[in-house]
1. Using 1/(1 + (r/R0)^6) with R0 = 22 angstrom and r between the beta carbons of T186 and S132, what's the FRET efficiency to the nearest 0.05?
2. Which of E174, E189, E22 moves the most in a Gaussian network model of the chain with Cα springs under 10 Å?
3. For S2, what charge total do you get from the other residues with a beta carbon under 12 Å from its beta carbon, if Lys and Arg give +1 and Asp and Glu give -1?
4. What nm distance separates the two modelled labels at Y228 and E175, each placed 7 Å from Cα along Cα→Cβ?
5. Pick from E74, E105, E65 the residue whose mean-square fluctuation is largest in a GNM of the chain, springs joining Cα atoms under 10 Å.
6. In whole Å and largest first, what semi-axes does the C-alpha gyration tensor of the range 162-234 yield when each eigenvalue is scaled by 5 and square-rooted?
7. If we count every other residue with Cβ under 15 angstrom of N194's Cβ, Lys/Arg +1 and Asp/Glu -1, where does the sum land?
8. Dividing the convex hull volume of the alpha carbon atoms of the range 3-155 by its residue count, what do you get in Å³ per residue?
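Values quoted throughout were computed directly from the atomic coordinates according to the rules given, and no laboratory measurement underlies them. A quick note: this is a predicted structure, and the numbers were derived from the prediction, not measured. In this analysis, Cβ positions are derived from the backbone assuming ideal geometry, glycine residues included, and neighbour counts consider all displayed protein chains.
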Amino acid sequence: MSDIYKNAVDSLRFAIEHFLKEPTYSSRKHAILTLFHAVELFLKEQLFRTNRLLIYRNIDSPVTEDSQTVGIKEALSRLENLGLGLPKQQRGVIENIQKRRNRIEHHRYDQKEEDEVVIAESLQFILFFVDSVLRGKLEEDIPAETLREIQRIVYERDQLYWIAMHRLERWMHEEWPDWNDQVADTPDEFAGTNDCPICRDSFLVSGYHPKPFCFRCNTTVDAEDCNYCGRTYIAGNPCHTQEE
Ligand SMILES: [Zn+2]
Ligand SMILES: [Zn+2]
């Protein structure tokens, strides 16, 4: 992982910690500042992956470690010019948090109820962008429990379902490149999904990742199968200890 990505995830982790606290002047102010920082860095990460030089403002003179880098506005237009532009809705979300952040940065913070929405939508954007575009595994840097909690807060139930479906299908296509989803609902070789003991939805896949992975929680889950009833439970917390 690049230093930019590491920096971005660190700000994201901080923003989430603040967002999960009571909505106070301080927790919201810092959630907005750190979240905006994370958005900017994740966009730069995509530029960096395309070509390292693209993060620098001026590439017509020698570039050094201390050369000035682009801001969010330039990052967005560079991505656009590279054919990697964001949809209008996502650009709108970024604009909204940028406005709130600029106000804090340059004048004052007037906490508003709408900030909850601004923060939640920005988090939705980041979770999508890291997962689908950068293909990052946030679980490596943010506790799985925190990630599940934040997803429950910022997404609606049905949104979570469709996102999970999309992730599961993407994974099946990668695992079995010859699978034709017009012919069969799942690849022939795939043993199928189980119920996840945390979200209780049937998106748990065992035996393909180092640990069971739930595509709805989007985290690994310490799940085990009950020998007596066949249901899954969280390791250490069996539903049956003997046959009844
Ligand atoms: Zn789950
Ligand atoms: Zn059982």
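1. Approximately 0.55, to the nearest 0.05.
2. In the Gaussian network model the winner is E189.
3. So the surrounding residues net to +2.
4. Between Y228 and E175, the label points sit 3.0 nm apart.
5. E65
6. Gyration-tensor ellipsoid for the range 162-234: 22, 13, 11 Å.
7. -1
8. 115
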